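Student: Provided herewith is a single structure, encoded as structure tokens, for subsequent inquiry.
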Amino acid sequence: IETPNLDALAANGLRFTNFYVNNMCWPTRASLMTSLYPKTALPAKGSASGGLHPDAVTLPQSLLAAGYRTLMSGKWHLSDPAKPNGPHAPHNRGFEKFYGTIFGASDFFAPIDLQLNGKDMTREWEDNPDYYYTDAITDHALKFLKGDGAGDSKPFFLYLAFTSAHWPLHARPKDIAHYKGRFAMGWDRLREEQHERVKELGLVDPHWKLPPRHPNVPAWKKTPDKEWQQRRMEVYAAQVTCMDRNIGRIINHLRKTGVFDDTLILYHQDNGACHVEYTPNRVGSWTRPHTTDGRRLPVKPGNISGLMPGPQTTFQSYGYGWANASNSPFRLFKQFDHEGGTRSPLVVSWPSGIDHDIAGGLAHEVCHVVDIMPTLLEAAGVKPPRQKPVPMEGRSFLSVLKGTPEKMPNREALFWAHARGRAVRLGNYKLVAGSKDPWELYNLDLDGTELNNLAGKMPEKVAEMAALHEEWSHRTNLGRRKPGAPRKSPDDKPSK
């Protein structure tokens with residue numbers, strides 16, 4: 001997939017090889033905004049629609065109080081879509097300006113819950129037959145950056161939250177056509193090629209073995225309807241390249257205004273590749289029965305073999321096979337706490353801030369999305385907030401950017417528990433399991449693709465780390481969460 005603008009940021013910045021997120025989008029966003037694990041960042045309701053914990057101080061609230069302009073464009077997914085001006089709406093949690101959507105998934109040609117600071121903005125796509133959400137996210141971000149008042153000379157914090165390449169597979173015909181035939185080699189070959197590529201780049205240890213193809217993925221040679229399968233990946237790639245093009249628009253603005261060198265840019269994903277096969281009966285308030293182009297053609301949801309994705313008449317995902325290739329060489333997917341669900345690329349660009357001796361290189365320090373808020377606050381010279389329900393969980397990795405990683409604060413362990421996974425990482429060891437499965441133990445230094453389960457050989461290590469996880473779960477639960485909370489997010493339904 002062509003991403004020249006992200007490639008350029010990476011080539012002159014830092015690429016983190018051990019960066020973790022949570023295994024789904026809104027838990028990661030909750031951690032990003034609060035430096036808390038999602039179990040404490042969210043209220044007892046435990047759902048994205050419930051909003052952030054009312055006592056949690058957000059990253060934009062901290063920066064706003066320190067004199068920053070705080071701007072957001074894109075997907076929020078941390079408040080109730082039915083309450084656009086509710087207490088957890090982004091413009092009420094620290095963002096002075098917000099354009100975007102609240103739902104976890106959106107029609108790219110006509111987002112159903114589009115808003116600007118709580119005001120309905122659906123007229124925007126109603127009046128524009130060429131509307132495409134990725135472009136519109138950038139259009140409004142640029143308007144925010146250009147500003148309209150005396151305060152526009154203040155430093156800014158921009159949260160640019162694209163929905164690409166989340167399903168549905170919607171892209172412009174020209175962008176799709178650019179990738180015609182690009183993935184004819186199939187997911188088996190693509191998975192092997194990607195493994196070789198990341199080894200060549202130094203992103204993974206060359207001694208780590210490539211796991212077997214996931215059992216739910218047929219061999220490419222035996223896969224029926226290859227043209228449709230290729231088209232799914234072609235649309236996915238088109239979405240990503242469109243996103244990269246729009247990132248380039250932001251970079252060009254920063255260069256023209258002379259602030260690019262002093263702007264700290266971070267790019268990462270919110271979870272591993274999504275394997276979920278979109279079913280025809282999976283509809284909700286975020287989907288549409290008909291197209292919005294005046295023709296009112298029926299929208300046919302679901303990964304229907306032979307129905308080519310891309311236009312608004314479809315609502316599909318790219319499924320197990322391509323997700324297995326995207327995550328190569330790691331195991332499993334979004335919703336799981338194995339490496340394939342929680343390890344993310346992190347690219348950091350800051351020409352005037354990153355030590356020149358390490359710019360363009362790799363950073364191997366273990367970091368987590370909870371670390372981003374304390375890193376940005378330290379970079380901005382802002383003291384961490386005093387907050388309930390617990391203090392910030394993250395630690396700043398600013399020292400890594402400055403070339404002094406030995407000064408990074410110590411942390412005992414990292415924890416996960418959401419959807420179909422649970423895990424704890426302690427040093428090089430990771431204890432991980434499916435939500436109802438027994439613990440597995442891996443030495444990530446020697447076995448980063450999680451193929452050699454050491455649980456049977458090291459029961460004492462399993463017991464030690466399981467106790468840590470239990471202690472963490474008790475501490476972060478705070479006695480408020482009730483099991484079996486209803487799932488109200490389109491993203492939060494487990495796959496079959």
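The values are calculated or read from the model by the stated rules, or taken from the named source; none is laboratory data. Quantities reported herein were computed from a predicted structural model and do not represent experimental measurements. Neighbour counts are summed over all protein chains in view; Cβ atoms, including those assigned to glycine, are modelled from backbone coordinates with ideal geometry. Note: areas computed on protein heavy atoms with side chains; ligands, DNA, RNA excluded. Shrake-Rupley method; radii C 1.70, N 1.55, O 1.52, S 1.80 Å.
Student: Can you work out the accessible area per residue across the chain, with the rest of the protein chains kept in place, probe 1.4 Å, in square angstrom?
Tutor: That works out to 42 Å² for each residue.
Student: Say the dipole of the chain comes from +1 at the beta carbon of Lys and Arg and -1 at that of Asp and Glu; which of 319, 301, 27 then lies farthest toward its positive end?
Tutor: 301
Student: Taking the alpha-carbon centroid of each part, what is the distance from the range 264-304 to the range 310-363 in angstrom?
Tutor: For the range 264-304 versus the range 310-363, the Cα centre distance is 20 Å.
Student: Still on this structure, I have one more. Given charges of +1 on the Cβ of Lys and Arg and -1 on the Cβ of Asp and Glu, with all other atoms neutral, how large is the dipole of the chain about its Cα centre, in debye to the nearest 20?
Tutor: 1180
Student: Using the charge dipole of the chain (Lys, Arg: +1 at Cβ; Asp, Glu: -1 at Cβ; taken about the Cα centre), state which of 18, 458, 110 has its Cα farthest towards the positive end.
Tutor: 110
Student: Counting only other residues whose beta carbon sits under 12 Å from that of residue 293, what net charge do I get with K and R as +1, D and E as -1?
Tutor: 0
Student: Could you give the length gained on full extension between residue 458 and residue 285, defined as 0.36 nm per residue of separation minus the Cα-Cα distance, in nm?
Tutor: Residue separation times 0.36 nm, minus the Cα-Cα distance, leaves 57.5 nm.
Student: While we're on this one: Between the range 193-222 and the range 72-128, what is the C-alpha centre distance in whole Å?
Tutor: 38
Student: Send over the semi-axes of the range 270-396's equivalent ellipsoid, whole angstrom and largest first, taken as the square roots of 5 times the C-alpha gyration tensor eigenvalues.
Tutor: 39, 20, 17
Student: Ok, one more. Pull out the extension gain between residue 406 and residue 1, defined as 0.36 nm times the separation in residues minus the alpha carbon to alpha carbon distance; nm, one decimal.
Tutor: Contour length minus Cα-Cα distance gives 142.3 nm.
Student: Explain nothing, just the number: relative contact order of the chain, from Cα pairs under 8 Å at least 6 residues apart, as a whole percent.
Tutor: After rounding, I find 23 percent.
Student: Next question. Using Cα-Cα distances under 8 Å and only pairs 6 or more residues apart, what relative contact order does the range 99-178 have, in percent?
Tutor: 31
Student: Then there's this: Assuming a viscosity of 1.002 mPa s and a temperature of 20 °C, what translational diffusion coefficient in µm² per second does Stokes-Einstein assign to the chain, Rh being the Kirkwood radius over Cα pairs?
Tutor: Value of D from the Cα-based Kirkwood radius: 92 µm²/s.
Student: Straight-line reach from residue 39: which lysines fall under 23 Å, measuring Cα to Cα and dropping same-chain residues less than 8 apart?
Tutor: Cross-link targets: 75, 83, 334, 388, 430, 436, 482, 488, 493.
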